[in-house]
Amino acid sequence: MDSLQLTDIVLSYPHFDKGGNTSVENDSNFAFKWSGESPYQSGGAGYFINDSTEVPYIKRKRDLGQTFTYFGEKPFQISSLILRTGFGTNVVRQNMYGQKVSIQFMEVTGEPQIHENGSDGDTKAFHGFPHHRQQREIPAKRDDYMIGETYKHLKVFRGFKFPDKTDFGFENDDIQVDPNDKRLKGRLLRFNFPTNKRVTIEPDKTYAFMVMIDSLASDVGFTLANNYEGSYENGHGIRREGKGVFPPVPADVNFPITHEKNSHALQSSKLPLVFEQRLEQQPGTNGYPDVDTWRDLNFYLQKEP
């Protein structure tokens, strides 16, 4: 789990921050994104429209990934993808151990372009951290997002199992583990691909991988190490959020999440339940809090030695 043969790495981004809880997440415990008062579970903040009014929504389920470009002379087949768990306070959620995980690969066409979302260097951002409600201006780049790319599904590898507690060094799999335990942080996760089904990477083309927790379940998710403002020149972080509706469908915080008044908002926050539809849904964000516009994951793509 923590061994890394650097001589076999063809593409990588080795840098990461020592904090943050950016996570792959498919948790059935839903909550409002809302900084005001509500009798129901809420946290963080909603999104803000141009007059600084906050709009609540339901936190969306999320796949995480990264685009990358190969400039080598000859094609190669990916034998494994290596990622690193994050360094925040909620690294591995209580029920994540042993959950099924899939890795999707996509071919990317088009050129990424930054959409400034109505704010430039002279105008504070409408979304992002810190929020307007905190009486602080948001740097203009915080609500930027990517346009210009199209993602075509190539292949998905299913059947991976997230490590058990004993794989992280705990004495058995029956104990309760604090998601902030230092033994969970910065650990390498290797996904090995079958010899006869590998993805072939061609020179001068851009691709992407996406990490997915297969099923919606209670308290499942794990963080991935990354640079919030990365320096990888040949790609960028991506995410697939809910049903891909932007901006998020507004929710009514005066009623339970399961109330019929919130049914549309709840459904839009879930990833597609039909797996094939999930694979075809385009990654994307729309300039709302914690977007991946400037983010790069810590990753390593390996070929056979």
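Rule-based calculations on the coordinates, nothing more; no lab input. Just so it is clear, the structure is predicted and the values come from calculations on it, not from any experiment. All Cβ positions, even for glycine, are placed from backbone atoms using ideal geometry, and neighbour counts span all protein chains on display.
Whole-Hz Karplus values for region 70-81 come out as 10, 10, x, 8, 10, x, 9, 9, 6, 8, 7, 10 Hz, taken residue by residue from phi with 6.51 cos²θ - 1.76 cosθ + 1.60 and θ = phi - 60°; glycine and proline positions read x. Evaluated at q = 0.14 Å⁻¹, the base-10 log of the normalised Debye intensity for region 9-303, with identical point scatterers placed on the Cα atoms, takes the values -1.09.
Phi-derived couplings, Karplus 6.51 cos²θ - 1.76 cosθ + 1.60 at θ = phi - 60°, listed residue by residue for region 272-285: x, 6, 7, 4, 5, 5, 4, 5, 8, 5, 5, x, x, 9 Hz, with x used for Gly and Pro. Between region 229-305 and region 47-114, what is the separation of their alpha carbon centroids in Å? Taking the Cα centre of each part, region 229-305 and region 47-114 sit 8 Å apart. Using the charge dipole of the chain (Lys, Arg: +1 at Cβ; Asp, Glu: -1 at Cβ; taken about the Cα centre), state which of Gln99, Ile257, Tyr57 has its Cα farthest towards the positive end. Most positive-ward Cα: Gln99. Under 5 Å from the amide H of Lys205 lie the amide H atoms of Tyr70, each residue being 5 or more positions distant or on a separate chain, with H modelled from the backbone and absent for Pro and chain starts. So what is log10(I(q)/I(0)) for region 165-305 at q = 0.09, 0.10 1/Å, when the Debye sum runs over its Cα atoms only? Log-scaled intensity ratios, in q order: -0.41, -0.51. Over region 1-90, the pair-distance histogram of Cα-Cα distances with 10 Å bins from zero comes to 11, 30, 27, 17, 12, 2 percent, rounded to whole numbers.
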